[in-house]
Amino acid sequence: MEVLKYAYQHPLLEAADLDQIYHAHEKIHLTKGAVILEKGQVANEYYILEDGLVRTYLYDYDGNEITTGFSGKNEVVIEVASIFQRIPTQEYIQCLTDCCLWKIDYETFQDLFHKIPALREWGRAWMAFELYLSKKRATEMITEPAKMRYLHLMEEKPQIIQQAPLKYIASYLGVTDSSLSRIRKEILND
């Protein structure tokens, strides 16, 4: 349960609160390639990833698969719009490796959210940080060259570089596979 202790860090969460939260999660194992969520479904749970790598992707207007995100060890795997707005998702969530996850369903989370005021504060802080990361990524996609985006990814999320296929990394960075190969060669030669 170390991963849950890591994920639910907040100064207002007390031991009794954490105990309820931890026991509301179910440990599951999924194999490489397993799809957690598909376009058109309404997300009814979210996960804390103990081990493995997960990607989020969708298809653009031309039918090209575009990787929009990765979740690694100790991170929350969630499709926020779908689960909280109760709407069908546009995205897919897939395990890129064998994964060990802790699952909590929407109804249980909502029940705890209303019972434990500190969980609401945790949720607010988590959502604010995720919004910051989303804004940072959007800004970097516009203002930074691909090489710099790749260097940031190497520094901030080495698990992605180590475990994700290059075509998914290229898609996430908004470059072609061949451009990413060139960038990687440049970095090695620097």
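Using a simple charge model, +1 on the beta-carbon of Lys and Arg, -1 on the beta-carbon of Asp and Glu, nothing else, what dipole does the chain show about its Cα centre, in debye to the nearest 20?
For the chain, the charge dipole is close to 480 debye.
Please name whichever of LEU58, ALA128, VAL175 sits farthest to the positive end of the charge dipole of the chain, dipole taken about the Cα centre and charges placed at Cβ: Lys and Arg +1, Asp and Glu -1.
Result: VAL175.
Return the subset of LYS103/LYS167; LYS5/LYS136; LYS27/LYS136; LYS39/LYS115; LYS5/LYS185; LYS27/LYS115 for which the Cα-Cα distance in this structure is over 30 Å, preserving the input order.
Those over the limit are LYS27/LYS136; LYS39/LYS115; LYS5/LYS185.
On full extension of the chain, what length is gained from HIS152 through LYS135, given 0.36 nm per residue of separation minus the C-alpha to C-alpha distance?
Answer, rounded to one decimal: 4.6 nm.
Give me the 1.4 Å probe accessible area per residue for the chain, excluding ligands and nucleic acids, in Å².
Each residue of the chain exposes 57 Å² on average to a 1.4 Å probe.
Inverting the mean 1/r over all pairs of different Cα atoms, compute the Kirkwood radius of segment 133-176 and quote it in Å. Mind dumping the intermediate values first?
Working: mean 1/r = 0.0940 Å⁻¹.
Value: 10.6 Å, from the Cα pair sum.
Per residue, how big is the convex hull of the chain when only Cα atoms are used? Give it in Å³.
Details: hull volume 24.3 nm³, N = 190.
Roughly 128 Å³ of hull volume per residue.
In whole percent, and with a 1.4 Å probe on the protein chains, what portion of the accessible area of the chain is carbon and sulfur?
Carbon-and-sulfur percentage of accessible area, whole number: 53.
Which residue, GLU155, GLU50, GLU38, has the most motion in a Gaussian network model of the chain that connects Cα atoms within less than 10 Å?
Checking each option, the largest mean-square fluctuation is seen for GLU155.
Under 5 Å between amide hydrogens, which residues at least 5 positions from GLN41 or on another chain qualify, with H placed 1.01 Å from N in the peptide plane?
The answer is THR89.
Among DSSP bridges having both ends in segment 35-183, what percentage is antiparallel? Round to the nearest 5.
Among the beta bridges of segment 35-183, antiparallel pairing accounts for roughly 100 percent.
The values are calculated or read from the model by the stated rules, or taken from the named source; none is laboratory data. Since the model is a prediction, treat every value here as computed from it, not as a measurement. FYI the Cβ positions are ideal-geometry reconstructions off the backbone, even for glycines, and counts take in every protein chain you see. The protein model used for the area step is the full one, side chains on, heavy atoms only, and it has no ligands, DNA or RNA in it. Shrake-Rupley method; radii C 1.70, N 1.55, O 1.52, S 1.80 Å.
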